[in-house]
């Protein structure tokens with residue numbers, strides 16, 4: 001397979017998430033992303049860093065819990081996958097909110113058929129971002145939950 005791309009003298013501008021043609025609104029808060037899929041973790045980190053957030057990451061609930069109290073600056077938001085090996089996102093959130101009650105939580109999941117999870121979303125108790133999501137959707141939902 002051969003891929004041929006045209007050459008250009010134009011400078012390359014870094015990608016920025018956009019919503020309706022406008023730059024996505026970011027912030028200066030700190031986000032802890034907990035995701036067992038490395039590709040999703042890396043992509044979410046890059047998107048949120050580009051719109052100004054300070055990011056901490058963990059590949060499991062256990063890893064996040066072990067590091068949580070030592071994170072500087074402390075997280076304002078937990079962005080966690082719902083289904084992970086070992087400790088689930090909701091289990092992790094319950095423990096972290098007990099340590100830091102002002103912590104906001106946004107879950108992400110590709111398993112949206114879970115009736116218990118959907119009941120929590122419908123009741124307004126759970127914030128859920130369905131996978132797959134666009135970078136713009138991620139930036140907008142993070143901002144919305146923090147606000």
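The values are calculated or read from the model by the stated rules, or taken from the named source; none is laboratory data. It should be emphasised that the depicted structure is a prediction, and the values quoted were computed from it without experimental measurement. So basically every Cβ, Gly included, is an ideal-geometry build from the backbone, and we count neighbours across all protein chains shown.
From the residues in region 91-115 that are surrounded by fewer than 16 Cβ atoms within 10 Å (Cβ to Cβ) and modelled with pLDDT under 90, which one is nearest to residue 41 (Cα to Cα)?
Of everything passing the filter in region 91-115, 110 is nearest to residue 41 (Cα to Cα).
Looking at (1) modelled with pLDDT of 95 or more; (2) farther than 23 Å from residue 26 by Cβ, find the lone condition where residue 118 falls short.
Exception for residue 118: condition (1).
Consider region 42-67. How many of its residues are surrounded by 19 or more Cβ atoms within 10 Å (Cβ to Cβ) and without any contact (Cβ under 8 Å) to a residue 24 or more places away in the chain?
Summing the residues that are surrounded by 19 or more Cβ atoms within 10 Å (Cβ to Cβ) and without any contact (Cβ under 8 Å) to a residue 24 or more places away in the chain in region 42-67 gives 0.
Please pick out the residue among 61, 86, 52 that is touching a helix residue (DSSP H, G or I) at 6+ places or on another chain (Cβ under 9 Å) and at positive phi. Quick ask: steps written out before the conclusion?
On the way: 61 fails: at positive phi; 52 fails: touching a helix residue (DSSP H, G or I) at 6+ places or on another chain (Cβ under 9 Å).
The conditions single out 86.
Can you tell me how many residues within region 14-47 are modelled with pLDDT of 65 or more and part of a loop (DSSP other than H, G, I, E, B)?
8
What do you reckon, is residue 10 modelled with pLDDT under 95 and either outside any strand (DSSP E or B) or surrounded by fewer than 17 Cβ atoms within 10 Å (Cβ to Cβ) (or both)?
Working: modelled with pLDDT under 95: yes; either outside any strand (DSSP E or B) or surrounded by fewer than 17 Cβ atoms within 10 Å (Cβ to Cβ) (or both): yes.
The answer is yes for residue 10.
Kindly check whether there is at least one residue in region 74-81 that is over 23 Å from residue 131 (Cα atoms) and free of Cβ contacts under 8 Å to residues at least 12 places away in the same chain. Walk me through it before giving the result.
Of region 74-81, the ones over 23 Å from residue 131 (Cα atoms) are 74.
Next, from what is left, pick out any that are free of Cβ contacts under 8 Å to residues at least 12 places away in the same chain: none.
Within region 74-81, none of the residues are over 23 Å from residue 131 (Cα atoms) and free of Cβ contacts under 8 Å to residues at least 12 places away in the same chain.
Output the number of the condition that residue 127 fails; it satisfies all remaining conditions of (1) out of contact with any strand residue (DSSP E or B) (no Cβ under 8 Å at 6 or more places or on another chain); (2) closer than 19 Å to residue 25 by Cα; (3) at pLDDT below 95.
Against the list (1) out of contact with any strand residue (DSSP E or B) (no Cβ under 8 Å at 6 or more places or on another chain); (2) closer than 19 Å to residue 25 by Cα; (3) at pLDDT below 95, residue 127 comes up short only on (1).
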